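The values are calculated or read from the model by the stated rules, or taken from the named source; none is laboratory data. For clarity, every value in this text was computed on a predicted model and none was experimentally measured. Heads up, the Cβs are rebuilt from the backbone with ideal geometry, glycines too, and the neighbour counts pull from every protein chain shown.
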Amino acid sequence: MFALLTQDPARTPGHIENPAPPLAVDTYGQLPKLASTFDHVDGLFYFTYIVCIFFFVVIVGVIAVSVVLYRRKTWDQPALSNVTHNTPLEVVWTVIPLIIVMVMFAWGFKGSLDMTNVPEAASRNLYKATAKQWNWTFTYPNGQQSFGEVWVEVDKPVAFATESTDVLHAFYLPQMRVKRDVIPGRSQVVWFEPKEVGDYHLFCAEYCGNDHSKMYAQLHVVSAEEFAKKPWDKWDDSTPAAAAKSGESLYKQLCASCHSVNGIPGVGPSWKGLFTKNADGTFTGRQREVLVGGQKQTITVDDAYIIESIKTPMAKIVAEEPYNRGGMSAFDNIEDRKIAGLIQYMKSLAEAK
Ligand SMILES: [Cu+2]
């Protein structure tokens, strides 16, 4: 847990760049600054922390003192006494920890109920968070979507219905004190009320495969005026260069965990060299060996192939090892103009060299 809280995602190798400043790392051994109304988490956390430190000191202290005071002083020294049992002591060290653990349980259970029993106000502001290897898609109450980052209004209770399209993930917002498993085939809801404007880390807190650590998103808590401008809805494709830039940001949010653009192989093939640029400004796709229903074919990469690869990846699988086992799940919810931006970005890679 501490690793997650103090990890600076901006320094993770191959990390998806993100505009928000990394968390301050002066939170060692403490919780990051609370930004929601769930302060009971802090109480329980520090209670558990203090109990652990107290008993650590007492137990290790008693052991250390006994080791020194009652050690065998000569090799042939016989045992001085041989106490095997002490009923009052047994009762004391069973009952006291039992009471403490029951307090922790009741406190934690109440907190868990508070987080999962969605109040009316939050259920009227219901988002969906869809997890898949290794990215997040967010659906707003009005049906619009954003990827890898999500905007909510400050001081307004919000609920997230989480779902997974593949394996186990977890929805974890440390500064909101919210964490819940995301389980395939089950919709689990969490809610919170953000109290401070800012950018916050959203981690996947359940190991979900190779690039679990890259499964990172951000929560932007903004004022009502800012929210009304729908910051997630900006997609500039007024010029090919602008479309490529928009495509690049979407690439970083959704595709960079598996595809590089510099030739380094990842879980998926690098996008470098998919297209080359001709003297007249047009683009030619590379030759690609693919498997169609298990049969090898050679095709020329073009827009239609890219679109198909995004919407139905299993239709044509790259024949080269290790990609021939597939492994990309379909993105069938990306709007056409956004796919066009992704293609423009792939083409812009040819210009770069
Ligand atoms: Cu995950």
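In region 180-208, what residues are closer than 11 Å to residue 36 by Cα and surrounded by fewer than 20 Cβ atoms within 10 Å (Cβ to Cβ)? Give the steps one after another, and end with the answer.
Step one: list which residues in region 180-208 are closer than 11 Å to residue 36 by Cα, which gives 191-197.
Once the filter is applied, which keeps residues that are closer than 11 Å to residue 36 by Cα and surrounded by fewer than 20 Cβ atoms within 10 Å (Cβ to Cβ), region 180-208 yields 193, 195, 196, 197.
Within region 130-139, which residues are within 13 Å of the ligand (Cβ to nearest atom) and surrounded by 22 or more Cβ atoms within 10 Å (Cβ to Cβ)? So that I can check it myself, show each step before the final result.
In the first step, residues of region 130-139 are kept if they are within 13 Å of the ligand (Cβ to nearest atom); the result is 130-137.
Residues satisfying the conditions are 131, 133, 134, 135, 136, 137.
This table checks each residue for (1) surrounded by fewer than 21 Cβ atoms within 10 Å (Cβ to Cβ); (2) away from the ligand (no atom under 16 Å from the Cβ).
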position	(1), (2)
98	yes, yes
102	yes, yes
108	yes, yes
125	yes, yes
141	yes, yes
157	yes, yes
167	yes, no
176	no, yes
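When residues of region 179-207 are filtered for being among the aliphatic types (A, V, I, L, M) and away from the ligand (no atom under 16 Å from the Cβ), how many remain? It would help to see each step written out before you state the result.
The first filter runs over region 179-207 and keeps only residues among the aliphatic types (A, V, I, L, M), leaving 182-183, 189-190, 197, 202, 205.
If we keep only those that are away from the ligand (no atom under 16 Å from the Cβ) as well, we get 189, 197.
Here the count works out to 2.
Evaluate the following for residue 167: is it among the β-branched types (Val, Ile, Thr) and under 25 Å from residue 330 (Cα atoms)? Can you show your working first?
Working: among the β-branched types (Val, Ile, Thr): yes; under 25 Å from residue 330 (Cα atoms): yes.
Against the criterion (among the β-branched types (Val, Ile, Thr) and under 25 Å from residue 330 (Cα atoms)), residue 167 qualifies.
Look at region 317-334 and say how many of its residues are in a loop (DSSP other than H, G, I, E, B), within 16 Å of residue 259 (Cβ to Cβ) and not polar (S, T, N, Q).
Here is the first cut: in region 317-334, the residues in a loop (DSSP other than H, G, I, E, B) are 319-322, 326-334.
If we keep only those that are within 16 Å of residue 259 (Cβ to Cβ) too, we end up with 320, 322, 326-331, 334.
Among the residues that remain, those that are also not polar (S, T, N, Q) are: 320, 322, 326-328, 330-331, 334.
The number of residues fulfilling the criteria is 8.
Is it the case that some residue within region 75-86 is modelled with pLDDT of 90 or more and within 24 Å of residue 47 (Cα to Cα)?
No, because not a single residue in region 75-86 is modelled with pLDDT of 90 or more and within 24 Å of residue 47 (Cα to Cα).
Of the numbered conditions (1) in a strand (DSSP E or B); (2) closer than 22 Å to residue 338 by Cβ; (3) more than 16 Å from the ligand (Cβ to nearest atom), residue 163 satisfies every one except a single condition; which is it?
So residue 163 meets the others, but not (3).
For region 208-221, how many residues are out of contact with any Ser or Thr (no Cβ under 7 Å at 6 or more places or on another chain) and more than 9 Å from the ligand (Cβ to nearest atom)?
So the answer is 7.
Quick one: residue 265 ticks every box in (1) under 24 Å from the mean Cα position of the chain (by Cα); (2) surrounded by 15 or more Cβ atoms within 10 Å (Cβ to Cβ) except a single one, so which number is it?
(2)
With respect to residue 178, is the statement that it is aliphatic (A, V, I, L, M) and touching a helix residue (DSSP H, G or I) at 6+ places or on another chain (Cβ under 8 Å) true?
Numbers: aliphatic (A, V, I, L, M): yes; touching a helix residue (DSSP H, G or I) at 6+ places or on another chain (Cβ under 8 Å): yes.
The answer is yes for residue 178.
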